[in-house]
Amino acid sequence: MPDFDALIVGAGHAGAQVAIALRQNGFEGSLGVVGAEAHLPYERPPLSKEFLSQEKTFDRLLIRPAEFWREKQVQFILGLRAETVDAGDRRLTLSDGRTLTYGKLIWAAGCAARRLTCEGAELEGVHVMRVREDAEAVLASLPCIRDVVIIGGGYIGLEAAAVLSKAGKTVTLLENQDRVLARVAGEPLSRFFEDVHRGHGVDIRLNARVRGLIGQDGKVSGVQMEDGEPIPADMVLVGIGVIPSVQPLAEAGAVCSNGVDVDEACRTSLPDVYALGDCAAHVSGFADNARIRLESVQNAVDQAGVVAKSILGDDKPYRATPWFWSNQYDLRLQTVGLSQGHDLAVVRGDPGARSFSVVYLKNRQIIALDCVNATKDYVHGRKLVEAKAKPDVDLLTDADVALNDPRLRELTVA
């Protein structure tokens, strides 16, 4: 008999949700979860928002309390990493040398924060923002910090910039591309958030090239730019992306590209090994059937349901609509669909009024929306994305025409 009928690697959102989904769908076998952190599963998105601003304590981030997991008979093995996978013997080796056998292995190990490799990267005061300890280290340093440099203009960097500038810190944000959010959004949204952050005193520098970090007595004291300019920094916060945590699966022979490749039911190429969440690369109809990874709570939750049903003999292809969110200052950004590859971005409403939407089209078809303080657009726009609508652009850009207007639906194509 295996140690666990189903063994989950990763105690983040994806790992927690697949454990919940298995029990909800009637899985009665033994269920274990291996987690590299010493904590029960918690929500990570608030680390750079409500937790960093101290609006929420850690206990409020827990996905479920300890008694829930006891009642559901989910056994946690925490503070240990999965080192090797033997797919033939269905055996997992942990970082303390212990081995566990499994009937089904579910890989939900997520990603690790990408770190700087330049000179000075190991200095004290250089942080990433991925796990609880990262956020707590930043919080503990804040009382004696004045100048903060954030490297990376993605959501993590912008969210942290919002919190730290509101806390009275002098914040400089460095982005090596010509706009923030270049990987995930169109230019209208990028320019809007650049203006908002500059209005709050954040010094945003685009096309910024970092040569290295400057230190004094082992602690970071500045950032050296390639053009020779030094920028003072009591703290450097790095948000330059992530690396999928899939090496043990790759070494076991799983097909891995950008993450570990999975099929429509989230199965890897290894027998009885599933993968989901940030580390799983799936074919998406929302990305022209390209293989992509989605780093989002939505993806983790929806793939968890697919994995649970497949293990219980009910294969359902993963078709969930991608959605995301970000909170910065008094702004709530809600995104639906994937805007990559769009050939037209149209703005509904007035960015100056801090309530508007950017609608992305490709070959006249709506593929995504970014909605800033515009919840109705988000709700109704989602239906247009899912319907592959091809509306009249003049109607679309008219903010007085609601996105559930029948005239937009009349032009929807299959």
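Among residues of the range 56-69 that are within 17 Å of GLN24 (Cβ to Cβ), those with a Cβ under 7 angstrom from a residue that is of a type outside the set (Gly, Ala, Ser), sequence gap 6+ or separate chain, pair up as ILE63/HIS13; ILE63/PRO41; ILE63/TYR42; ILE63/GLU43; TRP69/LEU40; TRP69/PHE76. Looking only at residues in the range 382-414 that are part of a loop (DSSP other than H, G, I, E, B) and at pLDDT below 90, the one that is surrounded by the fewest Cβ atoms within 10 Å (Cβ to Cβ) is ALA414. Scanning the range 333-346 for residues being under 12 Å from PRO188 (Cβ atoms), open to solvent by less than 50 Å² (accessible area, probe 1.4 Å) and out of contact with any Asp or Glu (no Cβ under 9 Å at 6 or more places or on another chain) gives a total of 1. Residue by residue through the range 221-237, note down the ones that are at pLDDT 95 or above, in a loop (DSSP other than H, G, I, E, B) and of a type in the set (Gly, Ala, Ser). Passing the criteria: only ALA233.
For the range 325-358, which positions are assigned to a helix (DSSP H, G or I) and either under 20 Å from the mean Cα position of the chain (by Cα) or among the small types (Gly, Ala, Ser) (or both)? Result: GLY352, ALA353. Annotation: of all residues in the range 367-381 being aliphatic (A, V, I, L, M) and open to solvent by less than 40 Å² (accessible area, probe 1.4 Å), the one that is farthest from GLY352 (Cα to Cα) is ILE367.
Comparison of LEU78, LEU92 shows that the only residue that is open to solvent by less than 20 Å² (accessible area, probe 1.4 Å) and either at pLDDT 95 or above or more than 21 Å from the chain's Cα centre (by Cα) (or both) is LEU92. Among the numbered conditions (1) out of contact with any strand residue (DSSP E or B) (no Cβ under 7 Å at 6 or more places or on another chain); (2) more than 22 Å from ARG293 (Cα to Cα), the only one that ASN373 does not meet is (1). Quick one: in the range 290-320, of everything that is more than 23 Å from ALA160 (Cβ to Cβ) and touching a helix residue (DSSP H, G or I) at 6+ places or on another chain (Cβ under 6 Å), which residue is surrounded by the fewest Cβ atoms within 10 Å (Cβ to Cβ)? Here the residue is LYS316. Whether a residue is surrounded by 14 or more Cβ atoms within 10 Å (Cβ to Cβ) and within 30 Å of TYR318 (Cβ to Cβ) was assessed, and PRO248 passes this test.
The values are calculated or read from the model by the stated rules, or taken from the named source; none is laboratory data. All values reported here derive from a predicted model rather than from experimental measurement. Cβ: placed from backbone, ideal geometry, glycine included. Neighbour counts: every protein chain shown. Side chains are part of the model used for accessible areas, which takes the heavy atoms of the whole protein and leaves out ligands, DNA and RNA. Shrake-Rupley method; radii C 1.70, N 1.55, O 1.52, S 1.80 Å.
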